[in-house]
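Accompanying notes for the structure given below.
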Amino acid sequence: MALLTEKQIAPKIKSAKGWKRNGNEIYRTFIMKDFVRAMGFVQSVALFAEKADHHPDIDIRWNKVTLVLSTHNEGGLTEKDFSLAVQINSLI
């Protein structure tokens with residue numbers, strides 16, 4: 001999958017509500033009611049990620065889940081990252 005240009009990234013980051021960019025990655029922290037709900041959220045993310053064959057970096061801190069997306073084998077951001085971000089957003 002081709003890397004996105006800066007011009008292509010700008011509107012995509014706006015459409016992926018709540019996600020922020022840090023260099024070649026996009027990230028978002030989700031705050032859940034408690035640990036069990038955070039783990040359930042991660043499980044749902046895992047199902048989307050596995051189906052897309054695109055896996056985020058995941059950091060879990062009790063009720064906070066931070067997800068980081070980047071297409072590592074391409075060395076930056078691709079359509080896969082933004083597509084998965086939008087799917088993940090549909091969980092909340």
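Can we say residue 80 is within 13 Å of residue 16 (Cβ to Cβ), of a type in the set (Lys, Arg) and touching a strand residue (DSSP E or B) at 6+ places or on another chain (Cβ under 9 Å)? So residue 80 passes the test. Taken together, the residues in region 15-74 that are among the small types (Gly, Ala, Ser), surrounded by 15 or more Cβ atoms within 10 Å (Cβ to Cβ) and part of a loop (DSSP other than H, G, I, E, B) amount to 2. From the list 49, 16, the lone residue that is closer than 14 Å to residue 85 by Cβ and touching a His at 6+ places or on another chain (Cβ under 9 Å) is 49.
Read the figures in this text as sums done on the coordinates, not as results from a lab. Model, not experiment: these values are computed from the prediction. All Cβ positions, even for glycine, are placed from backbone atoms using ideal geometry, and neighbour counts span all protein chains on display.
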